[in-house]
Amino acid sequence: MSPSWFIAKRYLQARRGTGFLSFVTSMTVLGIMLGTAALVITLSVLSGFEREIKEKVVAFTSHIQILGYQNEPLREYRRSIERVKEGVPGVKSISPFAAKEGMIRSRSAVDGILLKGIDVSEEIVAPRQHLIKGRFLVEDGTGPAQVVIGSKLARKLAADVGDKLVVFALPMNGAPSLQPRAMQFQLAGIYESGMAEFDDIYAYTTLRNAQKLFRLDDDVTGFDVLVNDITKVDEVAGRIESLLGSPHFARSVFQLYRNLFSWVELQKKLSPLLLSLITVVATVNMIGTILMFVLEKTRAVAILKSLGAGPSIIRRIFILQGLSIALGGVVLGNLLAYVFCWIQLNFRILSLPSDIYYMSSVPILLQPANFLLVSGVALVMSFVTTLLPSAAAARLDPVVALRFG
């Protein structure tokens, strides 16, 4: 053990009869602990928000949606799929769909929906993992047409698995008749994503049933595309649009939900910046705490210097003392943040209105990088703030200190 660390440790341990100094030190540790915990929790919550929104939005809309101009049906969709798979690198999967707004009616209520017919053999956007009751769609060609709806819509319709529902759809542009078309479905399953916008609006059926209801024959209204690298999603969308040409146009999930993702990015930039002020104030208080230690140990410092201790040793003593205080606050802050995040992950004690925040509880994403980043910044700031009082201690004149101290 180095002399500087040995003396710093003794100074921290020998605080009997210095109640005020112990109180100030405790407040400094508490401030650093709360600042560290607040920053780690904030970063974990924001990372959780970003992950939840990306996963849930992609689960219902895919990475890229290819539609027709003015909702024009897309013909020869199988050939288009083959062209994309062969001509556009980076495409993981592509699946056709037929989607249109309509009305759904149960025995007791009527509501508006977006009915989306999908290829059930593809697992590209189907909310299978969110099913809470019943089963997902099966393309067997027998039995009644089936539909899967969200939990919020099911409550509004007072519908349960096995009930009969009627869906009304307006004809597509250019259809010979303007009379709405109706089709009866059996409720096969109910999903719950935690995002009210989807649980209240999206209903799913097979592609064949949607084509029949919307009078599309063998046409579709769009394609869902997943890419291998989401960071290149805009580039892939541009290539697909250039390859397929009119009337196809492609939009990435970040373009479709630009406002939502812009809000997430804004929160990730501003919230840590504002909450870091807590850590800044706590570490600045370190200056006063170490100065009080210097004043209390004036005679001891003078004796050390008279015995031959140089300025570098004195400086290291108080720097190590300050870093010890900061390390205690950082460790306690990380522990507090971890316990809070663990409780939220397992017990969901903090809930959210899903119609506003797209989820029913505060999401948490525990990442070691967040803990390491916040801890590193807090320790560096603490080190910087100990330089001034430790330098003052190193410049202390032992003769003056022994005579008047």
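Observations
- Whichever residue in the range 179-217 is over 18 Å from K156 (Cα atoms) and in contact with a Lys or Arg (Cβ under 8 Å, 6 or more places away or on another chain) and, among such residues, is surrounded by the most Cβ atoms within 10 Å (Cβ to Cβ): A210
- Criterion (assigned to a loop (DSSP other than H, G, I, E, B) and among the small types (G, A, S)) met by exactly one of A326, A337, A302, A309: A309
- Failed item, numbered, when R78 is tested on (1) surrounded by 14 or more Cβ atoms within 10 Å (Cβ to Cβ); (2) over 20 Å from Y202 (Cβ atoms): (1)
- Matching residues in the range 301-317 - criterion: being surrounded by fewer than 18 Cβ atoms within 10 Å (Cβ to Cβ), in contact (Cβ under 8 Å) with a residue 24 or more places away in the chain and of a type in the set (A, V, I, L, M): I303, I313
- Extreme residue, surrounded by the fewest Cβ atoms within 10 Å (Cβ to Cβ), among residues of the range 354-396 that are part of a loop (DSSP other than H, G, I, E, B) and of a type in the set (S, T, N, Q): Q367
- Residues of the range 74-99 that turn out to be in a strand (DSSP E or B) and within 30 Å of the chain's Cα centre (by Cα), as a count: 8
- Condition check for I149: out of contact with any Leu (no Cβ under 9 Å at 6 or more places or on another chain), surrounded by 13 or more Cβ atoms within 10 Å (Cβ to Cβ) and either among the small types (G, A, S) or modelled with pLDDT of 90 or more (or both): no
- Residue match in the range 354-371 (condition: farther than 27 Å from L260 by Cβ and of a type outside the set (S, T, Y)): yes
Let's see how each residue does on (1) in contact (Cβ under 8 Å) with a residue 24 or more places away in the chain; (2) assigned to a helix (DSSP H, G or I):
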position	(1), (2)
T205	yes, no
Q211	yes, yes
L216	yes, no
V225	yes, no
K232	yes, yes
I240	yes, yes
A250	yes, no
Q255	no, yes
S262	no, yes
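- Residue match in the range 64-73 (condition: of a type in the set (D, E), assigned to a loop (DSSP other than H, G, I, E, B) and either touching a residue at least 12 places away in the same chain (Cβ under 8 Å) or assigned by TED's automatic domain parsing to the domain that holds A210 (or both)): yes
- Here the condition is being at pLDDT 90 or above and at positive phi; of G90, G48, G68, it holds for G90 alone.
The values are calculated or read from the model by the stated rules, or taken from the named source; none is laboratory data. A quick note: this is a predicted structure, and the numbers were derived from the prediction, not measured. FYI the Cβ positions are ideal-geometry reconstructions off the backbone, even for glycines, and counts take in every protein chain you see.
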